[in-house]
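Read through the structure below, which is laid out as structure tokens, and then see the notes.
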């Protein structure tokens, strides 16, 4: 009976993922990634499904457990040594863009009166790698599905515009392939959008932008660790506020309990890819499985999110995402100019 209880929700999420991936393959250029499509298809179904009880357990399992497994598998496609060698020129730019996202995002989030989880999910999606970063941080800080949906929506709209505008702006400025690759790789959010913008400029820029983006993806690791520690501190404060004894605090909260184990798996897989020669077919296969599970998880999150709840938040998350994304684009370009890359 337990298997049946999970089966229906997992299958529904997987079917939505297959539909989203198929729809993405029909697009002449990747304006919208399959993960975002899956989330919105899920939200649409949520609106029409009269009862979700039969799917509830499987949807929760897919959005939580399978999502973490997808992040672990993603590590095998990241050869740390190669990525750092190609992306080392972008590290300075990356440091400034991450500081802009999380530093500026903190003050913008407070000014817009967004809760800290939603504000930081938007910042992570903008500063690191779109949906993957949002998923990783959300799993660490126990963010609500609504917050994940807000953050995904806030980042993908800007990405769609950047795919079109980045090549135009790059040519107007007179950027080299390398300079444009660094700019797109550090300032555009989602990986598919980086690839689309990079190759729209030139093949060389596309190759460089992709490797810079992979370097940027590695910042998931320290970022998740930082948020794990923040979450631990907040939980301890809450326990103290509720007058729990020191023994209860020690029993209930420890770094082992709150540290995201799936990030250890992500690092381990990256280490394997860095130390051993993995056949391209295996790497390609695990990356495809990772993407499918990630898209399924976003479909499940969509199934748990309603358009009516999104309306309650209004335009503020979108405004947050737009301001942060615009600042990142400007900061990345200014740093490149100061470094003499442009």
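The values are calculated or read from the model by the stated rules, or taken from the named source; none is laboratory data. These numbers come from a predicted model, not from an experiment. All Cβ positions, even for glycine, are placed from backbone atoms using ideal geometry, and neighbour counts span all protein chains on display.
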Go through (1) in a helix (DSSP H, G or I); (2) over 25 Å from residue 264 (Cβ atoms); (3) at pLDDT 90 or above one by one and return the number of the condition residue 175 breaks. (1)
Conditions first: (1) in a loop (DSSP other than H, G, I, E, B); (2) farther than 16 Å from residue 116 by Cβ. Residue 143 passes all but one, so which condition is the exception? (2)
Got a sec? Which of 124, 133, 138 is surrounded by 24 or more Cβ atoms within 10 Å (Cβ to Cβ) and farther than 13 Å from residue 219 by Cα? 138
Is it the case that some residue within the stretch 233-255 is under 29 Å from residue 98 (Cα atoms), at pLDDT 80 or above and part of a helix (DSSP H, G or I)? yes
Does any residue in the stretch 138-151 that is closer than 17 Å to residue 321 by Cα come within less than 8 Å, Cβ to Cβ, of a residue that is crowded, with 23+ Cβ neighbours inside 10 Å and at pLDDT below 85 six or more places away or on a different chain, and which pairs are these? 146/305; 148/135; 148/301; 148/305; 149/39; 149/301; 149/302; 149/305
Please verify whether the stretch 306-322 includes one or more residues that are at pLDDT 85 or above and either under 30 Å from residue 177 (Cβ atoms) or in contact with a strand residue (DSSP E or B) (Cβ under 6 Å, 6 or more places away or on another chain) (or both). yes
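Quickly run through the stretch 209-223 and pick out the residues that are part of a helix (DSSP H, G or I) and in contact (Cβ under 8 Å) with a residue 24 or more places away in the chain.
Across the stretch 209-223, the qualifying residues are 209, 210, 211, 212, 213, 214, 215, 216, 217, 220, 221, 223.
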Here is a check on your reading of the model: is residue 315 closer than 14 Å to residue 151 by Cα and without any contact (Cβ under 8 Å) to a residue 40 or more places away in the chain? yes
Can you name the residue in the stretch 14-31 that is in a loop (DSSP other than H, G, I, E, B) and either at pLDDT 90 or above or in contact with a helix residue (DSSP H, G or I) (Cβ under 9 Å, 6 or more places away or on another chain) (or both) and is also surrounded by the most Cβ atoms within 10 Å (Cβ to Cβ) among such residues? 30
Odd one out for residue 330, checked against (1) closer than 23 Å to residue 172 by Cβ; (2) surrounded by fewer than 22 Cβ atoms within 10 Å (Cβ to Cβ); (3) in contact (Cβ under 8 Å) with a residue 12 or more places away in the chain: (3)
Confirm whether residue 187 is farther than 19 Å from residue 219 by Cα and either under 19 Å from the mean Cα position of the chain (by Cα) or at pLDDT 90 or above (or both). no
Keeping to the stretch 178-208, report how many residues are farther than 23 Å from residue 102 by Cα and either part of a loop (DSSP other than H, G, I, E, B) or in contact (Cβ under 8 Å) with a residue 40 or more places away in the chain (or both). 7
Is it the case that residue 117 is surrounded by fewer than 24 Cβ atoms within 10 Å (Cβ to Cβ), in a helix (DSSP H, G or I) and at pLDDT 90 or above? yes
Based on this model, can you work out whether residue 172 counts as surrounded by fewer than 24 Cβ atoms within 10 Å (Cβ to Cβ), over 30 Å from residue 262 (Cβ atoms) and over 12 Å from the mean Cα position of the chain (by Cα)? yes
Scanning for something touching a residue at least 12 places away in the same chain (Cβ under 8 Å), surrounded by fewer than 21 Cβ atoms within 10 Å (Cβ to Cβ) and not in a helix (DSSP H, G or I), does the stretch 97-110 turn up at least one residue? no
In the stretch 52-65, the residues that are surrounded by fewer than 20 Cβ atoms within 10 Å (Cβ to Cβ) and modelled with pLDDT of 80 or more: 54, 56, 57, 60, 61, 65
